[in-house]
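Contents: one structure, followed by commentary.
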Amino acid sequence: MDEQELIKRLRQGDKGALETVIKLHHAFLVAMATPLVGNDLADDVAQETWLRAFAAIGKFEGRSKLRTWLARIAINEAHAMRRKTGREVSLDGWGSDTGSPIGARFNEQGAWDVPPTQWHHETPDELLTEAELYECIQKHLHKLPEDQQSVVMMRELGGLDYGEIARVLNLAEGNIRVLLHRGRQRMHAMLNHFEEVGTC
């Protein structure tokens with residue numbers, strides 16, 4: 001079922017469509033909310049997001065992807081919950097440039113001293129390694145500094161553009177680009193470590 005058909009069925013109150021969309025996006029909404037409200041409240045944010053989204057599905061015009069629309073609602077709900085519970089996550093220091101985590105891999109001329117390795121997935125053992133890599137990616141994504149984690153999740157999982165993320169986090173778009181770049185570099189460094197030594 002394509003997204004337009006799914007949205008049409010949601011508007012009609014189709015229970016199957018409701019279950020499908022929750023399966024597709026619930027874990028993503030929890031992940032989006034976690035850096036903003038913490039593990040304890042992230043599921044509550046996701047539940048509130050579903051309530052708001054289903055109440056407003058008739059007004060959803062489809063100009064963005066459903067996931068992007070849900071992400072915006074989740075972010076608003078996360079901010080509302082932080083205000084309501086008084087559990088503000090400090091954004092002090094967010095967006096400051098801590099330097100490149102893979103800077104040591106380059107020489108003074110900017111060329112690779114230690115180039116990234118090539119990936120191959122041809123045997124069952126390599127596919128098993130891919131499953132282990134997925135777990136490693138999840139683990140390292142949650143180890144990113146909170147500002148980088150939020151931006152990576154909003155951009156890569158939520159599909160939000162730089163302007164939207166900047167408004168949510170009250171940072172300049174340039175800072176958002178730096179945070180995304182640094183977050184991606186940290187993940188890249190982890191991928192290379194995994195490929196070179198075979199462990200997380």
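The values are calculated or read from the model by the stated rules, or taken from the named source; none is laboratory data. Just so we're clear, the structure is a prediction, and the values are computed from it rather than from any experiment. Backbone-built Cβ (ideal geometry, glycine too); neighbour counts: all protein chains shown.
The criterion of being modelled with pLDDT of 75 or more, assigned to a helix (DSSP H, G or I) and within 24 Å of SER64 (Cβ to Cβ) does not hold for MET190. How do the pairs read when you match residues in the stretch 152-179 that are in the same structural domain as ILE75 (by TED's automatic domain parsing) and more than 27 Å from LYS139 (Cβ to Cβ) with residues anywhere that are surrounded by 14 or more Cβ atoms within 10 Å (Cβ to Cβ) and modelled with pLDDT under 80, using Cβ under 7 Å and keeping only pairs 6 or more apart or on different chains? Here the result reads none, with nothing in the stretch 152-179 linked to a residue that is surrounded by 14 or more Cβ atoms within 10 Å (Cβ to Cβ) and modelled with pLDDT under 80. Of the residues examined, ALA55 is one that is part of a helix (DSSP H, G or I), without any contact (Cβ under 8 Å) to a residue 24 or more places away in the chain, outside the structural domain of ILE137 (by TED's automatic domain parsing) and surrounded by fewer than 18 Cβ atoms within 10 Å (Cβ to Cβ). May I ask you to verify whether GLY174 is under 20 Å from LEU36 (Cα atoms), modelled with pLDDT of 85 or more and exposed (fewer than 14 other Cβ atoms within 10 Å of the Cβ)? So GLY174 does not fit the description; no.
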